[in-house]
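Engineer: Structure provided below as structure tokens; questions to follow.
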Amino acid sequence: MDGGAPSSVCADWVNNIINPADLHSADVVIVSGGIIGCWTALHLARAGKRVCVIEKAEIAHHGSGRNRGNVRVQLREAVERDLINRSLKLWQNFEDGARSTVEYRVTGNLLVSYDETIVSGFQIEVDRHRAIGLEARVVQAAELRNLVPAISRDIVAGFLTTQDGHINGQLATWEAARQAKLAGVRFFRGTIAERIEHDQGKVTAVITSAGRFPTECALVAAAGDSASLLEPLGIKTPISLALHQILVTEKLPFITGPYLRCALPRISFCQTASGTLLLGLGPASDLALGAPQAVEAKKVEAISRETIRLVPALADAHIVRSWTGLFDLTPDGRAIIGPAEHIEGLWIATGFNGHGMAITPAVTESLAQTILGETPQVSLAAFSPTRFEKPLEIEISDEPVSRIGHLGNLVAPPIH
Ligand SMILES: Cc1cc2nc3c(=O)[nH]c(=O)nc-3n(C[C@H](O)[C@H](O)[C@H](O)COP(=O)(O)OP(=O)(O)OC[C@H]3O[C@@H](n4cnc5c(N)ncnc54)[C@H](O)[C@@H]3O)c2cc1C
């Protein structure tokens, strides 16, 4: 087993020698070679901007290359609904226009339970999802076994939504980077952004381990590392970290069509386009900044045990790989996206709470439009970085939410 994410390097990326003469100014400097950084760079370059991407490690090396690619519509927070709806369309367009597949498929999401009392909440969720125009239904024994033929007989029922998708995050991030490079974006990999320079309330440069990049516009999209660039500027980014561990099986025959999640315990997995299963068990564990992120044997054991309980036929499946990845969490479960209030030209996109891959296409499209001074396709006002300046207001929704309603937030506490 290895502790890192797989990395795909193709001929397009072999030549990465940084020539100091290259460090001339850019219209926008983006800190991050993750999916948010690469895709925002792509939009801006297509709009005619000169863009540099600064990445301290490698494209897709962190969350964007380590996730499970669930493009989840089910139990999505109301504030992210327009983003996920728009993203479903943009993911399909991206798949259709990619040089080779990024493995985007519509799979649906199936939430199942061993517990009758949890199942009683499924109908409430079905009604709530239908009321907002989504296809949803409660799935009983016969259909359940059609969708997941070898599922445990102890599972009582399921809650199915059908529009959710699945993406290979590693492939998608590299494809966004490849298209961005073609559009003229210059990538500086293995280069650390050390600080944002500003003068009289305006961004003047990004200072990196490879030199100074003069610019009037900088985007910090460095996930959990964003705070170390923003806090010295007096910008509050209350991000905490949680560690999640994934196990990968060998290629298997058909196990499940939809992305399968159990309400309690929170074991979940998808079957990738190539037939492997990506297994995980929530909730993710809190992690101090800088703490080791190693694969843990006791988690391998817990994930394996609960997987076998859910689908007993998987007892003989081989685990071929495991890795860990970080969720960057905010106090209200929402990402932090938008302009910094006191420094003109400084933009932030971070804190995607372990579910950012799904909404990336719409987030980056609207973020780029806002940076360009255009009206965004989807408003990002609810994600404003300035909301932490005052005490957080808890929004009360009129929608009837069941006991499982909070499971949309992947790091929510277990159901009691
Ligand atoms: C195990 C796991 C499972 C997940 N499953 C799902 C899922 O099923 N569905 C879903 O929607 N989302 C999922 N996510 C979340 C999703 O992967 C992230 O929300 C998404 O990838 C966010 O991407 P990003 O670009 O913000 O961050 P990242 O991919 O982490 O990119 C940030 C980049 O910034 C770079 N960086 C940091 N500091 C600096 C610096 N000073 N200078 C230069 N570069 C710097 C880092 O090296 C990194 O490459 C999962 C995440 C994990 C970890």
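Engineer: Tally time: how many residues in region 275-284 are more than 12 Å from the ligand (Cβ to nearest atom) and either modelled with pLDDT under 95 or among the acidic types (D, E) (or both)?
Structural biologist: Keep residues of region 275-284 that are more than 12 Å from the ligand (Cβ to nearest atom), which gives 275-277, 283.
Of the ones still in play, those that are also either modelled with pLDDT under 95 or among the acidic types (D, E) (or both) are 283.
The qualifying residues number 1.
Engineer: Those residues that are touching a residue at least 12 places away in the same chain (Cβ under 8 Å), part of a loop (DSSP other than H, G, I, E, B) and over 16 Å from S366 (Cβ atoms), I need them from region 25-48; list them, please. Even if it seems obvious, please write down each step before you answer.
Structural biologist: The initial filter retains those residues of region 25-48 that are touching a residue at least 12 places away in the same chain (Cβ under 8 Å), namely 25-47.
Narrowing the set further to residues that are part of a loop (DSSP other than H, G, I, E, B) leaves 25-27, 32-34, 47.
Residues satisfying the conditions are S25, A26, D27, S32, G33, G34.
Engineer: In region 143-178, which residue that is in a loop (DSSP other than H, G, I, E, B) and under 16 Å from the mean Cα position of the chain (by Cα) is surrounded by the most Cβ atoms within 10 Å (Cβ to Cβ)? Steps first, please.
Structural biologist: From region 143-178, those in a loop (DSSP other than H, G, I, E, B) are 148-156, 162-164, 167-168; that's our starting set.
So of that shortlist, the ones also under 16 Å from the mean Cα position of the chain (by Cα) come out as 164, 167-168.
Details: D164: 23, I167: 27, N168: 23.
Filtering first and then ranking leaves I167.
Engineer: Also, I was wondering about something else. In region 305-322, which residues are in contact with an Asp or Glu (Cβ under 7 Å, 6 or more places away or on another chain) and within 16 Å of the ligand (Cβ to nearest atom)?
Structural biologist: First, the residues of region 305-322 that are in contact with an Asp or Glu (Cβ under 7 Å, 6 or more places away or on another chain): 317-318, 320-321.
R321 - this is the single residue of region 305-322 that is in contact with an Asp or Glu (Cβ under 7 Å, 6 or more places away or on another chain) and within 16 Å of the ligand (Cβ to nearest atom).
Engineer: Among the residues of region 295-316, is any touching a Lys or Arg at 6+ places or on another chain (Cβ under 6 Å) and modelled with pLDDT of 95 or more?
Structural biologist: Applying the first criterion (touching a Lys or Arg at 6+ places or on another chain (Cβ under 6 Å)) to region 295-316 yields none.
Checked against the condition, which is being touching a Lys or Arg at 6+ places or on another chain (Cβ under 6 Å) and modelled with pLDDT of 95 or more, region 295-316 yields no hits at all.
Engineer: Among the numbered criteria (1) more than 21 Å from A223 (Cβ to Cβ); (2) among the acidic types (D, E); (3) not in a helix (DSSP H, G or I), which single criterion is violated by E301?
Structural biologist: (3) is the only condition that E301 fails.
Engineer: In region 179-198, which residues are surrounded by 20 or more Cβ atoms within 10 Å (Cβ to Cβ), out of contact with any Ser or Thr (no Cβ under 6 Å at 6 or more places or on another chain) and not in a strand (DSSP E or B)?
Structural biologist: Q179, A180, V185
Engineer: Now for a different question. For region 334-387, give me the residue count where each residue is under 20 Å from I239 (Cα atoms), among the β-branched types (V, I, T), part of a helix (DSSP H, G or I) and more than 10 Å from the ligand (Cβ to nearest atom).
Structural biologist: Total satisfying the criteria: 1.
Engineer: Right, something else. If we scan region 49-64, do we find a residue that is among the hydrophobic types (A, V, I, L, M, F, W, C) and more than 15 Å from the ligand (Cβ to nearest atom)? Working first, answer last.
Structural biologist: Taking region 49-64 and keeping what is among the hydrophobic types (A, V, I, L, M, F, W, C), we get 51-54, 57, 59-60.
This time we only want the ones that are more than 15 Å from the ligand (Cβ to nearest atom), so: none.
No, region 49-64 contains no residue that is among the hydrophobic types (A, V, I, L, M, F, W, C) and more than 15 Å from the ligand (Cβ to nearest atom).
Engineer: Here are some residues: A242, A263, A288. Which one is buried (at least 20 other Cβ atoms within 10 Å of the Cβ) and closer than 30 Å to I343 by Cβ? Step through it out loud before you land on a result.
Structural biologist: Details: A263 fails: closer than 30 Å to I343 by Cβ; A288 fails: buried (at least 20 other Cβ atoms within 10 Å of the Cβ).
That would be A242, the only listed residue that is buried (at least 20 other Cβ atoms within 10 Å of the Cβ) and closer than 30 Å to I343 by Cβ.
Engineer: Conditions: (1) buried (at least 20 other Cβ atoms within 10 Å of the Cβ); (2) closer than 25 Å to L367 by Cβ; (3) not charged (D, E, K, R). L310 meets all but one. Number of the miss?
Structural biologist: Exception for L310: condition (2).
Engineer: Of all strands (runs of 3 or more DSSP E) completely enclosed by region 220-279, which ones contain at least 2 residues that are among the β-branched types (V, I, T) and under 26 Å from Q293 (Cα atoms)?
Structural biologist: On the way: elements: 240-249, 259-262, 267-271.
Fully inside region 220-279 and qualifying: 240-249.
Residues checked against (1) aliphatic (A, V, I, L, M); (2) touching a strand residue (DSSP E or B) at 6+ places or on another chain (Cβ under 9 Å):
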site	(1), (2)
Q179	no, no
R186	no, yes
C217	no, yes
L243	yes, yes
P253	no, no
A263	yes, yes
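Engineer: So, of the residues in region 206-219 that are assigned to a strand (DSSP E or B) and surrounded by fewer than 20 Cβ atoms within 10 Å (Cβ to Cβ), which turns out to be farthest from the ligand (Cβ to nearest atom)?
Structural biologist: Step one: of region 206-219, the residues assigned to a strand (DSSP E or B) are 206-208, 211-214, 218-219.
If we keep only those that are surrounded by fewer than 20 Cβ atoms within 10 Å (Cβ to Cβ) too, we end up with 207, 211-212, 214.
Values: I207: 10, G211: 13, R212: 14, P214: 17 Å.
Selected residue: P214.
Engineer: Test each condition in (1) at pLDDT below 95; (2) not in a helix (DSSP H, G or I) for T117 and report the one that comes out false.
Structural biologist: T117 satisfies all of (1) at pLDDT below 95; (2) not in a helix (DSSP H, G or I) except (2).
Engineer: Tally up the residues in region 57-82 that are surrounded by 24 or more Cβ atoms within 10 Å (Cβ to Cβ) and either assigned to a helix (DSSP H, G or I) or of a type in the set (F, W, Y) (or both), please.
Structural biologist: Of the residues in region 57-82, 4 are surrounded by 24 or more Cβ atoms within 10 Å (Cβ to Cβ) and either assigned to a helix (DSSP H, G or I) or of a type in the set (F, W, Y) (or both).
The values are calculated or read from the model by the stated rules, or taken from the named source; none is laboratory data. Please read these numbers as outputs of a predicted model, since none were measured by experiment. Counting neighbours? That spans all protein chains shown, and the Cβs are built from the backbone with ideal geometry, glycine included.
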